Ligand SMILES: Nc1ncnc2c1ncn2[C@@H]1O[C@H](COP(=O)(O)OP(=O)(O)OP(=O)(O)O)[C@@H](O)[C@H]1O
Ligand SMILES: [Mg+2]
């Protein structure tokens, strides 16, 4: 039988939950015995996606964030979803150093970090409806 | 959980927690207060106690650099763990600040350079 596993999280878009979310995902992933570096890359990518949902998606109003993590043998798929304001221009948003909130000392490196720390990053978004980030990584 | 130490015109900031969007606002405020408390010429970040940092930390370091740079001050960093160093390298932070082995080395070089 193929070795698969799934977990889901739902929590409020409060900044205290950023630490909770990345630790919860990391602890679920740890059943695959990833290296310290792989685990840390995944924690960072999750932190980026969740922070974006809080800061940009909900702009510090309270909404819900949904995370699904799927394990399929050594392949991990992480989905982070918000029902916030959405992204107008995804291509531009993914450019390194682009930020819509420079006044908050954001550096515009979130998507670049997710992209380089994970194997694959997909962004789906629709204005007024929300954003879904899907990240994939294979651990050895 | 951030410790501050003054040594002449040098301010040493030792951060002892994970740096993310949730923690960095408070850290920023404390550092800015400390910088303005004395006439700080050199800012040294001690990251020995930092096991996690995401892009919020890039903004935090960059913002402090801008403040110091306005007054012709310098910024340095010591104690980067490999995972944190990866973020520094990726984001180009080493273009605006130098990394040293320890606080003593940083003090020697930064004060001499000024
Ligand atoms: N979930 C989201 N909902 C709405 N807009 C988003 C979302 N995620 C990202 N964005 C938009 O994409 C831009 C780029 O995101 P990215 O994470 O790369 O940078 P940042 O969050 O602005 O800065 P940093 O992550 O370095 O602190 C954001 O400035 C924002 O405009
Ligand atoms: Mg971001």
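The values are calculated or read from the model by the stated rules, or taken from the named source; none is laboratory data. All figures in this text were calculated on a predicted structure; none of them were measured in a lab. Backbone-built Cβ (ideal geometry, glycine too); neighbour counts: all protein chains shown.
Only one entry in A:71, A:78, A:62 is farther than 18 Å from residue B:55 by Cβ, touching a helix residue (DSSP H, G or I) at 6+ places or on another chain (Cβ under 8 Å), modelled with pLDDT of 95 or more and more than 14 Å from chain B (Cβ to nearest Cβ), namely A:71. Restricted to the range A:6-19, and to residues there that are farther than 19 Å from residue B:84 by Cβ and surrounded by 14 or more Cβ atoms within 10 Å (Cβ to Cβ), the residue that is farthest from the other protein chains (Cβ to nearest Cβ) is A:7. Contact map, the range B:34-62: first residue within 14 Å of another protein chain (Cβ to nearest Cβ) and more than 30 Å from residue A:22 (Cα to Cα), second residue modelled with pLDDT of 95 or more and part of a strand (DSSP E or B), Cβ cut-off under 6 Å, separation 6 or more or different chains; the map is empty.
Can you go through A:42, A:133 and tell me which one is more than 18 Å from residue B:58 (Cβ to Cβ), in contact with a strand residue (DSSP E or B) (Cβ under 6 Å, 6 or more places away or on another chain) and at pLDDT 95 or above? On inspection, the qualifying residue turns out to be A:133. Per the listing B:52, B:45, the residue uniquely crowded, with 20+ Cβ neighbours inside 10 Å and under 11 Å from the mean Cα position of the chain (by Cα) is B:45.
From the list B:30, B:112, the lone residue that is more than 16 Å from ligand 1 (Cβ to nearest atom), outside any strand (DSSP E or B) and closer than 29 Å to residue A:110 by Cβ is B:30. Note down all Cβ pairs under 7 Å where the first residue falls in the range A:94-115 and is at positive phi, the second is assigned to a helix (DSSP H, G or I) and near ligand 1 (Cβ under 6 Å from one of its atoms), and they're at least six residues apart or on different chains. Note: pairs meeting the criteria are A:105/B:59. If I ask for residues that are within 12 Å of ligand 1 (Cβ to nearest atom), part of a loop (DSSP other than H, G, I, E, B) and away from chain B (no Cβ under 14 Å), which ones from the range A:100-140 would you list? Correct list: A:127, A:128, A:129. Considering the range A:20-40, and only residues there that are closer than 30 Å to residue A:88 by Cβ and more than 16 Å from ligand 2 (Cβ to nearest atom), the residue that is farthest from the other protein chains (Cβ to nearest Cβ) turns out to be A:25. Selection of the range B:48-60 for residues being in contact with a helix residue (DSSP H, G or I) (Cβ under 6 Å, 6 or more places away or on another chain) and not in a strand (DSSP E or B) yields B:50, B:54, B:55, B:56, B:58, B:60.
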